[in-house]
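The values are calculated or read from the model by the stated rules, or taken from the named source; none is laboratory data. Just so it is clear, the model here is predicted, and its values are computed rather than measured. We place every Cβ from the backbone using ideal geometry, glycine too, and count neighbours over all the protein chains shown. The accessibility values were calculated without ligands, DNA or RNA, using every heavy atom of the protein model including side chains. Shrake-Rupley method; radii C 1.70, N 1.55, O 1.52, S 1.80 Å.
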Amino acid sequence: MDNVFDYEDIQLIPAKSMVNSRSECDTSVTFGGRTFKLPVVPANMQTIIDENIAMYLAENDYFYIMHRFNPGKRLDFVKDMHARGLYASISVGVKEEEYTFIQQLAAEQLSPEYITIDIAHGHSNAVINMIQHIKKHLPQSFVIAGNVGTPEAVRELEHAGADATKVGIGPGKVCITKIKTGFGTGGWQLAALRWCAKAATKPIIADGGIRTHGDIAKSVRFGASMVMIGSLFAGHEESPGETVERDGKLYKEYFGSASEFQKGERRNVEGKKMFVEYKGPLQDTLTEMEQDLQSSISYAGGDRLAAIRTVDYVIVKNSIFNGDKVY
Ligand SMILES: NC(=O)C1=CN([C@@H]2O[C@H](COP(=O)(O)OP(=O)(O)OC[C@H]3O[C@@H](n4cnc5c(N)ncnc54)[C@H](OP(=O)(O)O)[C@@H]3O)[C@@H](O)[C@H]2O)C=CC1
Ligand SMILES: Nc1nc2c(ncn2[C@@H]2O[C@H](COP(=O)(O)O)[C@@H](O)[C@H]2O)c(=O)[nH]1
């Protein structure tokens, strides 16, 4: 592997602007046959998304992926979204009961527009078999498979029928995989994304490690079609996590999907819990992300997202933050 770097080691190089206002820049992206306002999706985690947020995002042309941690509610969720004329985007695991669930959906002629296979180590026969099972029973569904961190994995999952792959093993804010196992893309997620994107023939979702809105543009530059974000979407008024008050300040919980808080037991724990400052309404963050990305596009010298993909960049050793604390 040459050129190992992460988000904070990179700066994109500005090109001459072709717009008179940042508002002329179009941040929309087409992914799985639908067009969304942003190339961003809140993480499919229990403290980040619930049914209400999913509905809000779908109604307002944002991409979402519902988590898989209330398995018994998923079928009604799909029905409900379709009854409202909205797309359905759900997650599944790879255990036996998930095979039955896919068959149940097919038997009821409920075909979610997006199905994400969400497990820690996605480069596995378990995921390959599930991709093939979904494609057999729900051929119309767009299948996202992950998570992976190598080109070999991207190729194998695409070959098995995945329509998109999700890249990121261990860069997450509440992740402790890197500490507990010694493995992953933590600390070099952006370089791993670049490595995987070179092998990919289908879209890639960059997952984890986004700490600033500029990291979204960097993900797009290095090959992401979509960017999955947890911590920056935690702490909103609508966020499902518990709210607590400390010294007169409000915080909301954010915990890992492989944490003991999610699992209800201390077995194969690879996630932790933290509290993030209360951030106000979700829409404010989405709006700010859009404005910042519009600005990124203008610096790239274009008026749409694709302009970012070809900009030059430099690797800035010692980090771009000059010691400033940004998160
Ligand atoms: N993106 C990331 O870096 C990570 C994300 N997570 C998130 O945590 C949640 C739980 O993930 P996960 O534990 O996979 O889900 P599950 O608990 O549903 O496990 C899925 C299946 O994969 C098996 N499995 C899990 N890890 C491995 C592994 N390393 N090698 C072989 N088999 C494995 C499990 O068996 P068994 O439990 O018996 O091993 C189980 O049969 C997911 O939402 C996932 O996205 C978790 C860690 C890393
Ligand atoms: N290793 C673990 N990774 C996890 C866990 N729960 C979620 N995740 C991953 O993190 C991202 C979000 O990252 P962030 O930096 O934006 O906060 C999420 O999409 C998952 O891929 C976990 O328990 N362990």
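Quick one: with all protein chains in place, what share of the accessible area of region 190-327 is carbon or sulfur, to the nearest percent (1.4 Å probe)? Intermediate results must be reported in sequence, preceding the final value.
Details: 2900 of 6490 Å².
Carbon with sulfur: 45 percent of the solvent-accessible area.
Could I get the Rg over Rh figure for region 216-259? Both from C-alpha atoms, Rh via Kirkwood, rounded to two places. It would help to have the intermediate numbers written out before the result.
Numbers: Rg = 14.4 Å, Rh = 12.6 Å.
For region 216-259, the value is 1.14.
Helix by helix, which DSSP H runs in the chain go 20 Å or more along their axis at the Cα atoms and have an average Kyte-Doolittle hydropathy of -1.0 or more? If you can, show how the numbers build up before the last one.
Numbers: long enough: 282-299 (26 Å, -0.66).
Membrane-span-like by this criterion, though nothing is claimed about a membrane: 282-299.
Quick one: accessible area per residue over the chain, 1.4 Å probe, rounded to a whole number of Å²?
On the way: 14730 Å² over 327 residues.
The answer is 45 Å² per residue.
Could you work out what % of the accessible surface of region 27-123 is carbon and sulfur, using a 1.4 angstrom probe and leaving DNA, RNA and ligands out of the count?
Working: 1750 of 3870 Å².
Carbon and sulfur atoms account for 45 percent of the accessible area of region 27-123.
If you take every residue apart from F255 with its C-beta less than 11 Å away from the C-beta of F255, what net charge results, scoring Lys and Arg +1 and Asp and Glu -1?
Values: positive: K173, K252, K263, K272, K273; negative: E242, E253, E260.
Here the charged neighbours net out to +2.
What span do the alpha-carbon atoms of region 82-213 cover on each of the three principal axes, reported in whole Å from largest to smallest?
Extents along the principal axes, in whole Å: 44, 31, 29.
Sticking to Cα atoms, compute the Rg of the chain to one decimal and its Dmax as the biggest Cα-Cα distance, whole number, in Å.
Cα-based Rg and Dmax for the chain come out at 19.1, 57 Å.
Kindly report, to the nearest 10 Å², the accessible surface of C196 as traced by a 1.4 Å probe over protein heavy atoms only.
0 Å²
Excluding V227 itself, calculate the net charge of residues whose Cβ lies under 10 Å from the Cβ of V227, where each Lys or Arg counts +1 and each Asp or Glu counts -1. Before the final figure, lay out the partial values.
On the way: positive: K218; negative: D207, D215.
Net of charged neighbours comes to -1.
Below 8 Å between Cα atoms, with a sequence gap of 6+, how large is the relative contact order for the chain in percent? Mind dumping the intermediate values first?
Numbers: 686 pairs, mean separation 77.8, N = 327.
It comes to 24 percent, rounded to a whole number.
What are the semi-axes of the equivalent ellipsoid for region 195-327, taken as the square roots of 5 times the Cα gyration tensor eigenvalues, largest first, in whole Å? Present the calculation step by step, with values, prior to reporting the outcome.
Values: eigenvalues 182, 78, 45 Å².
Equivalent ellipsoid semi-axes, largest first: 30, 20, 15 Å.
What would the Debye formula give as log10 I(q)/I(0) at q = 0.26 Å⁻¹ for the alpha-carbon point model of region 159-246, no solvent?
Each listed q maps to, in turn, -1.25.
Enter the mean projected area of the convex hull around the alpha-carbon atoms of region 101-160, in nm², rounded to one decimal.
On the way: hull surface 15.0 nm².
For region 101-160, the mean projected area of the Cα convex hull comes to 3.7 nm².
Mind listing the phi-derived Karplus ³J(HN,Hα) values for region 229-239, rounded to whole Hz, using 6.51, -1.76 and 1.60 with θ = phi - 60°, and x for any glycine or proline?
Working through the residues one at a time gives 9, x, 4, 5, 9, 7, x, 7, 3, 7, 4 Hz.
Too long at a 20 Å Cα-Cα cut-off: which of K180/K272; K73/K202; K173/K263; K73/K252; K79/K263?
On the way: K180/K272 12 Å; K73/K202 30 Å; K173/K263 18 Å; K73/K252 24 Å; K79/K263 27 Å.
Beyond 20 Å: K73/K202; K73/K252; K79/K263.
Could you give each residue of region 181-187 its phi-based ³J(HN,Hα) in whole Hz, using Karplus coefficients 6.51, -1.76, 1.60 with θ = phi - 60°, and x for Gly or Pro?
10, x, 10, x, 9, x, x
Identify the GluC sites (Glu not before Pro) of region 181-259 meeting these criteria: DSSP loop state and at most 14 other C-beta atoms within 10 Å of the C-beta. The partial results should precede the final answer.
Values: sites: E237, E238, E242, E245, E253; in loops: E237, E238, E242.
The qualifying sites are E237, E238, E242.
Could you work out the relative contact order of region 215-327? I mean the mean sequence separation of Cα pairs under 8 Å and 6+ apart, divided by the number of residues, in percent. Numbers along the way, then the final one.
Working: 123 pairs, mean separation 25.7, N = 113.
Taking the mean separation of contacting Cα pairs over the length of region 215-327, I get 23 percent.
Could you give each residue of region 10-27 its phi-based ³J(HN,Hα) in whole Hz, using Karplus coefficients 6.51, -1.76, 1.60 with θ = phi - 60°, and x for Gly or Pro?
10, 10, 7, 9, x, 10, 4, 6, 10, 10, 8, 8, 4, 5, 6, 7, 9, 8
Provide the net charge surrounding I179, with neighbours chosen by a C-beta distance below 12 Å and charges set as Lys +1, Arg +1, Asp -1, Glu -1. Kindly include the intermediate steps, with their values, before the conclusion.
Details: positive: K178, K180, K272; negative: E270.
Here the count lands on +2.
Going by amide H atoms built from the backbone, whose H comes under 5 Å of the H on Q11, apart from near neighbours?
V314, V316
For the pair N129 and E237, how long in nm is the line joining their label points, each one 7 Å along Cα→Cβ?
The modelled label-to-label distance comes out at 4.7 nm.
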